[in-house]
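To start, the structure under review is shown below, and the notes come after it.
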Amino acid sequence: MAVPKRRQSNARTGSRRAHDAKKPKQLSACRHCGKAVPSHVVCPSCGYYMGREVVEPEK
């Protein structure tokens, strides 16, 4: 098995983890009602997805 010969430095570890931070969700406007909705998700306020009504909106 391959085993590291030396300990990795903190700088090398930190630079590897530079892209691991949480990113905010990508929100887009609903085509039907205009509210902010995550992409590829049915709009909870109007029930539309990809330009057609998929579910009845909750009242």
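The values are calculated or read from the model by the stated rules, or taken from the named source; none is laboratory data. As the structure is a computational prediction, the values presented were derived from the model and not from experiment. Ideal geometry is used to build each Cβ from the backbone, glycine not excepted, and the neighbour counts take in all protein chains shown. Remember, those area values only see protein heavy atoms, side chains included, never the ligands or the DNA or RNA. Shrake-Rupley method; radii C 1.70, N 1.55, O 1.52, S 1.80 Å.
Calculation over all alpha carbon pairs of the chain in 5 angstrom steps from 0 returns a P(r) of 4, 16, 16, 11, 7, 6, 6, 6, 8, 7, 8, 5, 0 percent. Projecting label points 7 angstrom from Cα along Cα→Cβ for A29 and V3 puts them 6.1 nm apart.
Applying 1/(1 + (r/R0)^6) with r as the Cβ-Cβ distance of K22 and R52 and R0 = 35 angstrom yields a FRET efficiency of 0.60.
Please give the calculated 222 nm ellipticity per residue for the chain, where each DSSP H segment of at least 4 residues contributes -39500 (n - 2.57) and the sum is spread over every residue; nearest 500 deg cm²/dmol? Walk me through the intermediate numbers first.
Details: 1 runs with 7 residues, N = 59.
So the helix-based figure for the chain works out to -3000 deg cm²/dmol.
Treat every Asp and Glu Cβ in the chain as -1 and every Lys and Arg Cβ as +1, leave all other atoms uncharged, and give the resulting dipole magnitude about the Cα centre to the nearest 20 debye.
Approximately 780 debye in magnitude.
For the stretch 2-44, the solvent-accessible area works out to 101 Å² per residue, with a probe of 1.4 Å and every protein chain left in place.
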